[in-house]
Each structure stands twice: as structure tokens, then as C-alpha cells.
1. V199 is checked against (1) open to solvent by 40 Å² or more (accessible area, probe 1.4 Å); (2) in a strand (DSSP E or B) and fails just one. What number does that condition carry?
2. Suppose we keep only residues that are free of Cβ contacts under 8 Å to residues at least 12 places away in the same chain and touching a strand residue (DSSP E or B) at 6+ places or on another chain (Cβ under 7 Å) within the range 71-118. Which one would you say is most open to solvent (accessible area, probe 1.4 Å)?
3. Test I168 against the stated conditions and say whether it is part of a helix (DSSP H, G or I), among the β-branched types (V, I, T) and surrounded by 12 or more Cβ atoms within 10 Å (Cβ to Cβ).
4. Looking only at the range 350-378, how many residues end up being outside any helix (DSSP H, G or I) and without any contact (Cβ under 8 Å) to a residue 60 or more places away in the chain?
5. When D251 is evaluated against the numbered criteria (1) over 15 Å from F323 (Cβ atoms); (2) open to solvent by less than 40 Å² (accessible area, probe 1.4 Å); (3) modelled with pLDDT of 95 or more, which criterion, by number, is the only one it fails?
6. Tell me yes or no: at least one residue of the range 205-218 is among the basic types (K, R), over 15 Å from A341 (Cα atoms) and outside any helix (DSSP H, G or I).
7. Could you grab me the full set of residues in the range 119-145 that are open to solvent by less than 40 Å² (accessible area, probe 1.4 Å) and among the polar types (S, T, N, Q)?
8. Just checking, does the range 258-275 include any residue being touching a Ser or Thr at 6+ places or on another chain (Cβ under 8 Å) and open to solvent by less than 20 Å² (accessible area, probe 1.4 Å)?
Amino acid sequence: MTRLQVHEDGKTARRPGTLSPPSSPITLSPETSVIRGACPHDCPDTCATLVEVRDARAVGFHGDPDHPFTRGWLCAKVRPYLDRVYSPDRLQYPMRRVGAKGSGEWVRISWDDAAGEIAERWQAIIADYGAAAILPYSFSGTLGLLQGGVASIRLWNRMGVSGLERSICGAAAETAVRMTLGGRLAPDARDVRHSRLIVIWGHNPASTSPHFMPFMRDAQRDGAYVVVIDPRRSTTARSADEHLRPRPATDGALALGLMHVLFAEGLHDEAWLRQHSIGWEDLRQRVKEYPPQRVAAITGIPAEQIVDLARRYGTTKPALLKFADGIQRHGNGGQTCRALASLPAVVGQIGVRGGGLYYSTSDYVSWQGEALSHHSECPPEPRRINMNRLGAALTGEV
């Protein structure tokens with residue numbers, strides 16, 4: 001974090017969907033310092049924050065209006081952060097249950113007693129059953145790289161406990177996009193204003209990616225056509241130019257149907273495909289099995305709408321396709337995401353400013369895993385358990 005002093009007239013926060021400041025600015029006294037930071041929640045937006053500090057206590061918490069992406073706006077979960085930080089109900093010390101489970105009977109104990117009791121239990125488990133009987137179960141939440149990837153992992157590796165496959169969020173889509181395009185390398189959100197066509201697929205950014213919305217609104221004001229593909233009439237869908245409502249879990253068939261039309265009508269970018277891709281000829285053969293009439297029967301979307309969208313997508317440049325992790329949370333979700341990720345390649349939109357696939361930017365950041373975990377210096381991992389199969393692991397099925 002960076003510590004700085006803010007001028008008394010302060011800065012202003014902005015609401016999603018607008019670039020103008022609100023009516024009431026943040027006013028600071030000369031005794032107040034401000035610390036720049038970022039929201040700790042595991043969210044693609046990672047909002048930039050300003051924390052006002054006076055007498056070693058946080059007295060204000062705001063979005064940073066100078067950040068080019070989050071622009072001073074914080075979501076409803078994070079805006080009241082100080083209410084939770086200083087809540088009298090917040091757990092601040094180790095507590096031991098002294099009554100029956102669910103009775104709410106607890107007694108405060110010291111940190112040394114808590115650490116000692118946990119260590120004794122672990123040692124007894126290891127002595128009786130081996131270290132593989134211990135499974136650290138956690139996900140990101142508000143854990144950053146230090147807490148989630150250094151402090152805890154080194155301890156677990158040294159102990160030789162079971163490993164956890166943290167796959168509850170986006171493993172299928174992440175794998176699909178990497179296998180199809182090589183990495184999760186979404187374009188800069190600020191380039192969305194250059195898009196002429198924006199396809200939001202199985203995603204509701206008005207609620208779950210709010211900082212994307214002002215850039216999309218800019219594009220709409222400049223004439224961009226917005227299509228939402230979602231069985232629900234979401235907040236985002238209500239302001240779209242077109243809303244297609246496929247039956248749930250039929251998105252893969254719809255994507256194949258769109259590619260059928262693109263190839264059949266010569267709307268694909270064959271020069272780009274020949275230069276930058278492999279396997280596209282096999283894909284062209286595969287999508288022949290999904291003509292618009294068959295896809296209409298599967299998805300419930302009229303064949304005419306499927307053809308019209310394919311033609312629009314194949315003739316509009318730049319065209320951006322955006323989806324998020326919700327689209328992969330059903331059977332065959334990974335293959336669905338592979339089909340979606342193939343669409344921008346078929347029409348040669350990868351690398352076009354304002355076009356391509358907008359899924360995740362996570363692969364722009366990298367670090368040395370061994371430096372974090374010291375895995376090579378530790379006992380070999382005895383087994384790895386998929387967190388989605390925790391019940392099966394506890395009952396001995398895996």
C-alpha cells in the first residue's frame with residue numbers, strides 16, 4: 001500500500017454506468033492521512049480503495065476516483081466495510097466451545113492455548129492415520145497470495161498432508177480457454193468503447209462486473225449493438241438491443257450453430273485461421289452437424305434468429321464476446337466454453353482492439369510457484385482431493 005496525504009477538497013466517488021461524480025465529495029481534515037489499497041475480495045474488478053486514517057483508526061473507506069477502471073465506485077458488499085471491521089460482534093480472539101454443538105456456549109482462550117490444542121490434535125491424527133488424513137480446505141475469499149499461497153501452503157507441504165484441488169469456481173472454463181486460446185488474456189476493458197458488437201453470453205455484468213458497464217454504455221452511445229444470450233431476463237438483458245433466451249445448458253449447441261452459419265456462408269476469416277490456428281478444418285467439419293434447424297430444436301431459439309446473429313457477428317468488426325464462470329457450471333460446461341472461445345477465432349477477431357474474447361485477465365500475472373511453496377523441499381503430496389468431491393472423500397468413496 002502507498003501512504004499519502006489528500007488535499008482537503010478530497011476526491012469524489014462515481015456510480016456504475018456513469019462517469020460523472022456524485023454530489024457530495026469526500027472531505028478530509030488536515031489530521032487525516034489516506035492509505036491507497038485494493039479490495040481484498042476475490043473479484044475480477046479488484047477495486048482501488050482509499051482508507052482515511054485518524055489516530056490509528058480507519059474513519060473512512062472509499063473507492064479511488066483516480067483509478068482508470070474502478071473509478072471510485074465500490075459494490076454494496078464492500079462499501080460498509082468499516083462497519084464489519086469495527087463491529088462488536090466480530091470474532092477477535094480464539095474461542096473454545098464448551099457446550100453441545102449449536103448451543104452457542106463458548107469460552108475465550110489464549111492464542112498459545114489455541115495453537116497448542118490444534119497442534120496436538122494434528123499430531124494425534126498423524127500418529128494414528130498418517131498425514132494424508134488431514135485435508136486443508138479453503139478457497140480464495142479474501143485470502144491474497146501471501147495468506148493463500150505462501151503462509152499456509154508451506155505449512156501444509158512441510159506436514160505432508162493431502163492436497164486440495166481448488167476447482168469450485170472456474171476450473172472448467174479456465175482450462176477450456178487455455179486449451180483453446182493459450183491463456184486467459186482478456187482485452188483491456190477500456191477498449192470496449194471501440195466495439196461495434198458486444199455479445200454478453202450467460203453473464204450479467206450489471207450485477208457481477210459493474211465496472212465493465214460504463215465502458216459498455218460508452219460503446220452503446222457510440223452505436224454499438226448489444227446482444228445478451230441468457231435464459232433469464234437479467235438486468236443487463238433489459239438494456240440490450242437483442243436478447244436470446246436458449247434453454248438452460250444448450251449454449252454449446254448454439255455456439256456450434258453460429259459457427260455452422262459462419263463457415264457455410266464464408267463469413268469465417270480463413271486467412272487468419274490458416275496463419276494462427278490448428279484444427280480449424282476439423283471444427284468446420286464438426287459444426288456441419290449443427291445446422292440452424294437442428295440447433296433451433298435444441299435451444300428453443302428460432303433458426304432465423306440464429307442465422308441473423310451469425311451474420312451480424314461475421315460481418316461486424318470489432319466484435320466482443322464476453323462470458324464469465326456461470327456459463328460452465330453445468331454438465332459439459334468445459335466444452336461449452338471451448339465452443340464459445342472458438343467463435344472469436346473463427347471470425348479473426350483475436351487481437352483486434354475492441355474485439356475478441358473477454359473472459360479473464362488472470363494469466364497476465366505470473367509468479368514462481370516453487371518460490372512460494374518450496375514444494376520440492378517437502379514430502380511428496382500423498383493424494384489430491386477435488387473440493388467438489390469432499391463428501392465422497394469423507395465417506396471413503398475417493
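The values are calculated or read from the model by the stated rules, or taken from the named source; none is laboratory data. On a predicted model such as this, the values are computed, not experimentally measured, just so you know. So basically every Cβ, Gly included, is an ideal-geometry build from the backbone, and we count neighbours across all protein chains shown. Calculation scope for accessible area: heavy atoms of the full protein, side chains included, ligands and nucleic acids excluded. Shrake-Rupley method; radii C 1.70, N 1.55, O 1.52, S 1.80 Å.
1. Checking V199 against (1) open to solvent by 40 Å² or more (accessible area, probe 1.4 Å); (2) in a strand (DSSP E or B), the one that fails is (1).
2. Step by step, filter the range 71-118, then rank; the result is W106.
3. In short, no.
4. Selection size over the range 350-378: 5.
5. (1)
6. no
7. S140
8. First, the residues of the range 258-275 that are touching a Ser or Thr at 6+ places or on another chain (Cβ under 8 Å): 259, 267.
Okay, now just the ones that are also open to solvent by less than 20 Å² (accessible area, probe 1.4 Å), so 259.
Looking for residues that are touching a Ser or Thr at 6+ places or on another chain (Cβ under 8 Å) and open to solvent by less than 20 Å² (accessible area, probe 1.4 Å), one finds at least one in the range 258-275, hence yes.
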